[in-house]
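Values quoted throughout were computed directly from the atomic coordinates according to the rules given, and no laboratory measurement underlies them. Only a predicted model underlies this, so the values are computations on that prediction, with no experimental measurement involved. Cβ sites come from the backbone with ideal geometry, for glycine too, and all protein chains shown count toward neighbours.
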Amino acid sequence: MFFFTVVLADRSSTLLVDQVDRLRQIYRTVVQRRPFETVAICILPDHLHAIWALPEDDADFSSRWNLIKGNFSRRLEVGERSMSKSIKREKGIWQRRFWEHAIRDDADLERHVDYIHFNPVKHGLVTRVCDWSFSSFHRYVDQGALPVDWGGDVHDIAGHFGE
């Protein structure tokens, strides 16, 4: 199982939520072609976090992300690109790399799932986790794994918090 952070090159962009249906369709297609389970996910305007459980004896998450990023980028209009991006046939929509972390145990998994679900609140996009629609949080609520008011309301928390 792996935790990922995948980021757009333009951190001020809202492309992922603007094109969320496109991203979801491409994601589903890649899951069909190269199966994996999405344990948790949250799509934010300029990045996403996910935890994947890959099939036994298949740790090739890089090719899966390559398919998702490449197919998402196809047919999208982009501005001027650097020479290195043109040579590598990159549109420059995504950062070239992504962050991955191998989940070590159940406690590590729980911390990362919580991080994913709370991320829209952390970034100031909503004041309650349940108010962000582009998250697996709602699946967890539907399955009874989390209460709908999990994470509370940021207005009820005093002080300033950062990373």
Ranked highest first by the average count of other Cβ atoms within 10 Å around their residues, in what order do 64-74, 12-22 fall?
64-74, 12-22
How would PHE2, PHE137 line up from fewest to most surrounding beta-carbon atoms within 10 angstrom?
PHE2, PHE137
Taking neighbour Cβ counts within 10 Å as the exposure measure, how do ILE43, ILE93 sort from fewest upward?
ILE93, ILE43
In deg cm²/dmol, rounded to 500, what helix-only [θ] at 222 nm does the chain give when every DSSP H run of at least 4 residues adds -39500 (n - 2.57) and the total is split over its residues?
-10500 deg cm²/dmol
What is the distance, in nm, between label points placed 7 Å from the Cα along the Cα-to-Cβ direction at LEU125 and at THR29?
2.3 nm
Please quote Rg/Rh for segment 2-156 to two decimal places, taking the Kirkwood radius as Rh and restricting both calculations to Cα atoms.
0.98
Going by C-beta contacts inside 10 Å, put ILE116, ILE103 in order with the fewest on the left.
ILE103, ILE116
Can you compute the modelled spin-label distance between ASP60 and ARG111, with each label point 7 Å from Cα toward Cβ, in nm?
3.1 nm
